[in-house]
Amino acid sequence: MDKPYFAHETAVVDEGCTIGRGTKIWHFTHIMQGCRIGENCNFGQNVVVSPGVILGNNVKVQNNVSIYNGVICEDDVFLGPSMVFTNITNPRSAVIRRDQYVRTLVRKGASIGANATILCGHEIGAFAFIGAGAVITRDVPAYALIVGNPGKQAGWMSEYGHRLHFDAGGIAVCPESKERYRLHEGAVTKLTD
């Protein structure tokens, strides 16, 4: 029976994982047992997906990313080249803490830039945009633009990845999609009218 996904001949896909239709797994990538991967995902070269990881549909994982046990990514998440997840808050080589992995949740449509570091135990909000090299040490609101080390909010982003500029009434328009957003009491929502 043909597999519903593509795996390059150098990729290692362990038994006991679930991989959705249309997913592509490229050079030297290791998909470990017990993970669940949705449809139409793409894994660049030298990626590791650890047991217990859950990835939604259309997740894009660029080269040199390790996704450790405890990480959950919803649909349409982008993980940039060499970005880093952690799963233990106080790692020590001589102390085994496999039963203490901390969950990290990346909500739908979020993008994490190249070389960013996501400390475990935090939630990255829907359509948040984590800049290259940023270090995330706390939860990130939906649509937030985060840059720097430690990560600080520098603005808001549209679902198409454009910076939002709000008028005096708290309304912004994405220059590409023309979708409208509202900023109210420190939170952004997309208007559906």
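Computed from the coordinates by the stated procedures, all read-outs in this text should not be read as laboratory data. All of these numbers come straight from a predicted model, not from anything done at the bench. Heads up, the Cβs are rebuilt from the backbone with ideal geometry, glycines too, and the neighbour counts pull from every protein chain shown.
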(request) Compute the separation of the alpha-carbon centres of the stretch 127-193 and the stretch 89-104 and state it in Å as a whole number. (result) 32
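Arrange 31, 112 by Cβ neighbour counts within 10 Å, fewest through most, would you?
Numbers: 31 25, 112 29.
So the residues, fewest neighbours to most, are 31, 112.
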(request) Starting from the stretch 113-193, pick out the trypsin sites (Lys or Arg not before Pro) whose DSSP state is loop and whose Cβ has at most 10 other Cβ atoms within 10 Å. (result) 178
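Give the relative contact order (percent, whole number) for the chain; include only Cα pairs under 8 Å separated by 6+ residues. The partial results should precede the final answer.
Values: 574 pairs, mean separation 18.8, N = 193.
Answer for the chain is 10 percent.
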(request) Work out the length of the dipole vector of the chain about its Cα centre, built from +1 on the beta-carbon of each Lys and Arg and -1 on the beta-carbon of each Asp and Glu, and round it to the nearest 20 debye. (result) 380
(message) Charges on Cβ only, +1 for Lys and Arg, -1 for Asp and Glu, centred on the Cα centroid of the stretch 65-193; of 144, 79, 93, which one is farthest towards the dipole's positive end?
(response) 93
